[in-house]
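Contents: one structure, followed by commentary.
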Amino acid sequence: MKIPFLLRVVRSTQKIIRAQSHISSNVNQDEKKFFITTPIFYVNASPHIGHLYSAVVADCQSRYKQLRGFQTKFSTGTDEHGLKIQQAAEAASEDPLLFCTNVSQKFKHLFNTCSISCTDYIRTTEQRHYASVEHFWSALKDKGLIYKGTYEGWYSTPDESFLTASQVGDAVDSSGENVKISLESGHKVEWMKEENYMFRLSMFRPQLLDWLKGNPNAVRPEHFHQAVVQWLQEDLPDLSVSRQKSRLQWGIPVPGDPDQTIYVWLDALVNYLTVAGYPKNHQQWWSVARHVIGKDILKFHAIYWPAFLLGAGLPLPHTIHVHSHWTVGGKKMSKSLGNVVDPLERSSVYTTDGMRYFLLRQGVPDTDCDYTDDKVIKLLNAELADSLGGLLNRCTAPALNPAQVYPLFCPALFPVECTKQSRAVDEDYQMLDAVRNLSTTVEQYYEDMHVYKALEAVSACVRQTNGFVQRHTPWKLNRLDTEERLWQDTIIHIALECLRIYGTLLQPVVPQISNKLLSKLGVKQSERSWTALHFLPRFHGMDCPFEGRALGADNDVLFNRLERRNVKQKTKKEKASKKNLE
Ligand code: MSP
């Protein structure tokens, strides 16, 4: 009886996989909808820069897609159930919900402060999520994919993860005791034997491999995709998806069996469906879902989650974007090592856009990055204060731009072809080419989530524009002479056009700085989208809507240079006020 039924499940999941790439790309193109998620954050500890990084990566994508005219949905939130949270609340002698609310608000506050433009902030303790998880569980149960069995094996509470014998090793803990640890995370594991509900994960191995084979973009970057394929070469045991209530009370009870609590990862993963509107109106958003995750939670997202979805008869995510980790002093951040970098405190020292720029400019998807304050100061001073800020400052300074307008471009002085007589030289034309091609380059990098490369490209062009201004020393030209004045205006016009392009392209990364820059140039909100990028139209004989327009009144510097001494003082102050609050 059971076998033919399960066979039907397998066949229908195969259909889902075949339809998968077709559905995702079509809906995306036709309806211009974009749905991106961050992982939901555990509330057992306060946020650190690694958490902010996950959120900033997703925020940058969401903002970029909006500029491209997409209707976007962007969710983040907190993961509040499970043994780890239950134990943390017990250790703090607090009511679990109050404990969760307190930390969840810290994440929310951080994200609001750092311009994370989420459209939904979900907490797994919300009623809408309970309803969604119960429905999802029942869908799996009704298909015969959940059965009662006995689980015996290793469990890591800090990772809320089951491990096979090959994933466990020996270690000695701080009190000199021999312990078993997870080889991947280094966290201590315990042996558990329990009667609970099992999910038929083993059944999904071929479909998961088909999915990965048929969708080369299912997991990005490529080497993470390969890692999942590799994991799937080994046996895939069924997965325990509940715990006995006597051990785990803090969670969603198994529908129809109040003695069992749903496994926190099943509960947590369903958050993505909850925010999409599951179980009623999820189709339109669910078919275009993309997840941003850190590399430590790849197995849950690229094996368990697609298997659950296939089991429930739902489409799989369009792409799982994986990023690497931030370390401090080459080590994982941890309270016991005392190397946790507080993103709120750092943002108040470096500004939130400064922090965002640093994380996205230095964070690469493939390898871990080490955080140091020194790197932040050097990078922000060089690229935001000196290079970009300096360029804007020079070109809008009253001495060079007495009328405070977007000056006129003179085609006769900057002809389409470089000639021996023209004042413009070959390097100027190369600079124009680079800026003209920049939006296509940046677009490709944003699409591939190689934001650091996009920023590198922008930064290189900013340097070229500074070189252009430096080469022609417009401050030495005599405005009383007509030709000199026209040439000076042309140089400034070109430099402002370059700045307009940089400001527009940088919006997903540094929304406040971009806003300041574009406002200074007099660029209206409606002129800041990707379609408005058209660079230097006057060079091609077309009208430029900005020419002759008054510049914005704000004369504040774009980004204040960071002086090490001030940074130290500010950091001290921030730490003291944080201590007072605790
Ligand atoms: N609650 C789970 C996710 C459930 S999603 C259905 C969880 N939470 S977490 O708080 O531990 O991690 C949240 C995100 O932060 C993950 O993407 C994780 O990779 C990321 N980071 C945690 N530490 C990090 C660094 N040191 N560096 C970069 N990102 C890191 O896992």
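Checking the stated criteria, L52 turns out not to satisfy the condition of being without any contact (Cβ under 8 Å) to a residue 12 or more places away in the chain and either assigned to a helix (DSSP H, G or I) or under 13 Å from W250 (Cα atoms) (or both).
Scanning segment 525-541 for any residue that is assigned to a helix (DSSP H, G or I), in contact (Cβ under 8 Å) with a residue 40 or more places away in the chain and among the hydrophobic types (A, V, I, L, M, F, W, C) turns up at least one such residue.
The set of residues in segment 338-351 that are within 15 Å of the ligand (Cβ to nearest atom) and among the polar types (S, T, N, Q) contains only N339. Within segment 404-421, being in contact (Cβ under 8 Å) with a residue 12 or more places away in the chain and not aliphatic (A, V, I, L, M) holds for Q404, Y406, P407, F409, C410, P411, F414. Could you please let me know if D370 is within 16 Å of the ligand (Cβ to nearest atom) and in the same structural domain as Q507 (by TED's automatic domain parsing)? When the stated conditions are applied, D370 passes them. A residue that is closer than 23 Å to Q167 by Cβ, in the same structural domain as Q71 (by TED's automatic domain parsing) and touching a Gly at 6+ places or on another chain (Cβ under 7 Å) can be found somewhere in segment 265-282.
On inspection, V341 qualifies as in contact with a His (Cβ under 8 Å, 6 or more places away or on another chain), farther than 25 Å from D235 by Cβ and among the β-branched types (V, I, T). Checked against (1) touching a Leu at 6+ places or on another chain (Cβ under 8 Å); (2) within 21 Å of L236 (Cβ to Cβ); (3) surrounded by fewer than 16 Cβ atoms within 10 Å (Cβ to Cβ); (4) not hydrophobic (A, V, I, L, M, F, W, C), G313 passes all but condition (1). Report yes if some residue within segment 35-46 is surrounded by fewer than 22 Cβ atoms within 10 Å (Cβ to Cβ), outside any helix (DSSP H, G or I), in contact (Cβ under 8 Å) with a residue 24 or more places away in the chain and on the phi > 0 side of the Ramachandran plot; otherwise report no. Among the residues of segment 35-46, not one is surrounded by fewer than 22 Cβ atoms within 10 Å (Cβ to Cβ), outside any helix (DSSP H, G or I), in contact (Cβ under 8 Å) with a residue 24 or more places away in the chain and on the phi > 0 side of the Ramachandran plot, which makes the answer no.
Here is a list of conditions, (1) in contact (Cβ under 8 Å) with a residue 40 or more places away in the chain; (2) away from the ligand (no atom under 15 Å from the Cβ), and N281 meets all of them except one; can you say which number that is? In the conditions (1) in contact (Cβ under 8 Å) with a residue 40 or more places away in the chain; (2) away from the ligand (no atom under 15 Å from the Cβ), N281 misses (1) alone. Can you confirm whether segment 71-89 contains a residue that is surrounded by 24 or more Cβ atoms within 10 Å (Cβ to Cβ), over 23 Å from the mean Cα position of the chain (by Cα), within 15 Å of the ligand (Cβ to nearest atom) and in a loop (DSSP other than H, G, I, E, B)? The answer is yes; a qualifying residue exists.
Looking at K295, K335, just one residue is at pLDDT 95 or above, within 14 Å of the ligand (Cβ to nearest atom), out of contact with any Gly (no Cβ under 7 Å at 6 or more places or on another chain) and farther than 19 Å from A139 by Cα, and that residue is K295.
In segment 391-413 there is no residue that is within 25 Å of the chain's Cα centre (by Cα), buried (at least 23 other Cβ atoms within 10 Å of the Cβ) and either at negative phi or in a helix (DSSP H, G or I) (or both). Among the residues of segment 254-274, not a single one is of a type in the set (G, A, S), touching a helix residue (DSSP H, G or I) at 6+ places or on another chain (Cβ under 6 Å) and within 16 Å of the ligand (Cβ to nearest atom). Of the residues Y452, Y429, Y446, which single one is farther than 29 Å from S324 by Cα and of a type in the set (S, T, Y)? So the residue among Y452, Y429, Y446 that is farther than 29 Å from S324 by Cα and of a type in the set (S, T, Y) is Y429. Applying the selection to segment 478-511, what residues are assigned to a loop (DSSP other than H, G, I, E, B) and of a type in the set (D, E)? Within segment 478-511, D481 is the sole residue that qualifies.
Among the strands (runs of 3 or more DSSP E) contained in segment 134-252, which hold 3 or more residues that are closer than 16 Å to L266 by Cβ? Full working, then the answer.
Numbers: elements: 146-156, 161-163, 168-172, 178-182, 190-199, 242-244.
In segment 134-252, 146-156, 190-199, 242-244 are the strands (runs of 3 or more DSSP E) which contain 3 or more residues that are closer than 16 Å to L266 by Cβ.
Residue pairs whose Cβ atoms lie under 9 Å apart, sitting 6 or more positions apart in sequence or on different chains, and linking a residue in segment 90-105 that is more than 24 Å from T76 (Cβ to Cβ) to a partner that is small (G, A, S) and surrounded by 14 or more Cβ atoms within 10 Å (Cβ to Cβ), are D95/A89.
Going through segment 5-63 one residue at a time, which ones are modelled with pLDDT of 95 or more and among the small types (G, A, S)? The answer is G50, S54, A55, A58, S62.
The values are calculated or read from the model by the stated rules, or taken from the named source; none is laboratory data. Bear in mind that the values here come from a model prediction, so they are computed numbers and not experimental data. Note: ideal-geometry Cβ built from the backbone for every residue, glycine included; neighbour counts use all protein chains shown.
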